[in-house]
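Undergrad: Here's a structure for you.
The values are calculated or read from the model by the stated rules, or taken from the named source; none is laboratory data. As the structure is a prediction and not an experimental result, all values here were calculated from the model. No Cβ is skipped: glycine too gets one built from the backbone with ideal geometry, and neighbour counts run over all protein chains shown. Ligands, DNA and RNA are excluded from the accessible area calculation, which covers all protein heavy atoms including side chains. Shrake-Rupley method; radii C 1.70, N 1.55, O 1.52, S 1.80 Å.
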Amino acid sequence: MELHVKREQPASEELYPDRARMLISCPDGPGIVAAVSRFLHEHGANIVQSDQYTMDPSGGMFFMRIEFDLPELESRMEALKAEFGEIAESFRMDWQIFHVSHKKKLAIFVSKEDHCLVELLWQWQAGDLDADIALVVSNHPDMREYVESFGIPYHHIPVTADTKAEAERRQLEVVGDDIDVIILARYMQIISPSFITHYRNRIINIHHSFLPAFIGGNPYAQAYKRGVKIIGATAHYVTEELDGGPIIEQDVQRVSHRHDVGELKRIGRTIERVVLARAVKWHIEDRILVHENKTVVFN
Ligand SMILES: Nc1nc2c(c(=O)[nH]1)N[C@@H](CN(C=O)c1ccc(C(=O)N[C@@H](CCC(=O)O)C(=O)O)cc1)CN2
């Protein structure tokens, strides 16, 4: 029986049936904004939001996020992409275009710590996370009843050092290719390079420290031993370098000598939940561009 019924919110396809988002990155130079806005104007689009940033103006990179409404977008999308491709090529753009009403599909991976998963499910149920949580995958059975009470499928796939490759094969099987982003909500298994390649810059992890401090396991114990006066959490895209991927969001909280490791973890849990939820929301709203090992976040 579903105990947590998702609060009905106007679906994005109802609110913005013809809204699109474009993300653009390219070598900086004159005329980029003019070319993009002219293209959209000539195709009858109405720009509702535009933001750009130039990294190192002296020959650096240009980044842009633009939202626009275009009548009959669904039927015109493919032609629009084909025609914009010519402009993109002339400016050597990397670009993506998204139909806002096509909700992103999320997979959440969790181990035993539940606070980040609970936060995402709560926000999703409240209508504050406008995405489709397609499934939850865990290497433990603990969260099954809770997740299924939201009507979300739960896949328990145990992982040991000896079975990690087979476990990842099964994970890939249940996740599938139409998942837009995988969220590691305190999932405590290191993801293999082949798995990461499959979902490049589409796996978000929450690390329970203010990176680059205290990489790896037990960061709160490391922080306590170091006598820190600030603890934090970091949401980042997962790469082959453990906890070294592009940082999306961070936050911190002051602590003191009066806090033992257990209290650092308790304080840290709130930071982790908030930071991960912000990062997930920005990803599903197409606000994040990755360049080399850094992000540009248009929030
Ligand atoms: N390839 C990556 N995988 C993962 C990352 C990452 O950045 N790159 N982040 C971790 C999360 N994490 C810290 O935030 C973390 C998780 C697990 C471990 C670890 O040593 N795990 C052991 C098994 C531990 C156990 O069985 O309980 C292991 O996988 O061998 C370190 C850091 C998620 N994955």
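Undergrad: Going out from 0 in 10 Å bins, what whole percent of all Cα-Cα distances in the range 12-99 drops into each bin?
TA: 17, 52, 25, 6, 0
Undergrad: Next question, about the same structure. Could I have the simple spin-label model distance between W122 and R92, label points 7 Å from Cα toward Cβ, reported in nm to one decimal?
TA: Modelled inter-label distance: 4.8 nm.
Undergrad: Continuing with the same structure: Using a basic spin-label model with each label point 7 Å from the Cα along Cα→Cβ, how many nm lie between D132 and E263?
TA: It is 4.7 nm.
Undergrad: Just tell me the longest site-free run in the chain, where the sites are trypsin sites (Lys or Arg not before Pro) in a DSSP loop having at most 13 other beta-carbon atoms within 10 Å. Don't skip to the answer; put the middle values down first.
TA: Numbers: sites that count: R7, R92, K112, R200, K229, R258.
By the stated rule (loop sites, at most 13 other Cβ atoms within 10 Å), 113-199.
Undergrad: Another question, then. At what distance in angstrom do the alpha carbon centres of the range 220-238 and the range 127-174 lie from each other?
TA: Taking the Cα centre of each part, the range 220-238 and the range 127-174 sit 27 Å apart.
Undergrad: Subtract the Cα-Cα distance of N218 and K103 from 0.36 nm times their separation in residues, and report this length gain in nm to one decimal. Intermediate values should be presented prior to the final figure.
TA: Working: separation 115, 0.36 × 115 = 41.40 nm, distance 3.53 nm.
Length gained, N218 through K103: 37.9 nm.
Undergrad: Using 7 Å Cα-to-Cβ label points, what is the A79/R254 separation (nm, one decimal)?
TA: Using points 7 Å along Cα→Cβ, the separation is 6.1 nm.
Undergrad: Let me ask something else about it. Per residue, how many Å² of accessible area does the range 12-99 show with a 1.4 Å probe?
TA: Working: 4710 Å² over 88 residues.
Accessible surface, normalised per residue, equals 54 Å².
Undergrad: If the label point is 7 Å along Cα→Cβ of V48, which residues in the range 59-73 have backbone nitrogen under 13 Å from it?
TA: 66-73
Undergrad: I've got another one for you. Could you identify which residue out of H156, H208, H236 has the top mean-square fluctuation in a GNM of the chain using Cα springs shorter than 10 Å?
TA: H156
Undergrad: Also, quick follow-up: Sort largest first and round to whole Å: the equivalent ellipsoid semi-axes of the chain, each the square root of five times a Cα gyration tensor eigenvalue. Don't skip to the end; give the middle numbers.
TA: On the way: eigenvalues 247, 115, 67 Å².
Semi-axis lengths for the chain are 35, 24, 18 Å.
Undergrad: Within the chain, what whole-number % of the accessible surface is contributed by carbon and sulfur, with the 1.4 Å probe and all protein chains included in the calculation? The partial results should precede the final answer.
TA: Numbers: 7400 of 14830 Å².
The value for the chain is 50 percent carbon and sulfur by accessible area.
Undergrad: Please sort by residue number the GluC sites (Glu not before Pro) in the range 189-249 whose DSSP state is loop and whose Cβ has at most 15 other Cβ atoms within 10 Å.
TA: Taking the range 189-249 and a limit of 15 other Cβ atoms within 10 Å, the loop GluC sites (Glu not before Pro) found are E240, E241.
Undergrad: Going through the cross-link list K112/K164; K164/K265; K6/K104; K6/K103; K104/K281, which pairs have a Cα-Cα distance over 19 Å in this structure? It would help to have the intermediate numbers written out before the result.
TA: Numbers: K112/K164 17 Å; K164/K265 28 Å; K6/K104 17 Å; K6/K103 15 Å; K104/K281 11 Å.
As for pairs spanning more than 19 Å Cα to Cα, those are K164/K265.
Undergrad: Next up: Relative contact order for the range 11-86: what is it in percent, counting Cα pairs under 8 Å that are at least 6 residues apart? Provide the component values of the computation, followed by the final result.
TA: Values: 98 pairs, mean separation 30.4, N = 76.
With pairs under 8 Å counted, the relative contact order is 40 percent.
Undergrad: While we're on this one: Gap in Å between the Cα centre of the range 242-299 and the Cα centre of the range 195-215?
TA: For the range 195-215 versus the range 242-299, the Cα centre distance is 10 Å.
Undergrad: Please identify every one of the GluC sites (Glu not before Pro) in the range 46-145 that sits in a loop by DSSP and has no more than 11 other beta carbons within 10 Å of its own beta carbon.
TA: On the way: sites: E67, E72, E74, E78, E83, E86, E89, E113, E119, E145; in loops: E72, E113.
Passing sites in the range 46-145 are E72.
Undergrad: DSSP beta bridges in the chain, what fraction antiparallel, as a percent rounded to 5?
TA: Working: 39 of 55 bridges.
Roughly 70 percent of the beta bridges in the chain run antiparallel, per DSSP.
Undergrad: Between G262, G244, G232, which gets the highest mean-square fluctuation from a Gaussian network model of the chain, Cα cutoff 10 Å?
TA: Maximum fluctuation in the GNM of the chain, among the listed residues, is at G262.
Undergrad: I would also like to ask the following. Using all Cα-Cα distances in the range 121-224, what percent lands in each 5 angstrom bin from 0 up to the longest?
TA: P(r) over the range 121-224, rounded to whole percents: 2, 10, 18, 22, 20, 16, 9, 2, 0.
Undergrad: Have a look at A221, A34, A134 and tell me which one the Gaussian network model of the chain (Cα, springs below 10 Å) gives the largest fluctuation.
TA: Sorting by GNM fluctuation, first place goes to A34.
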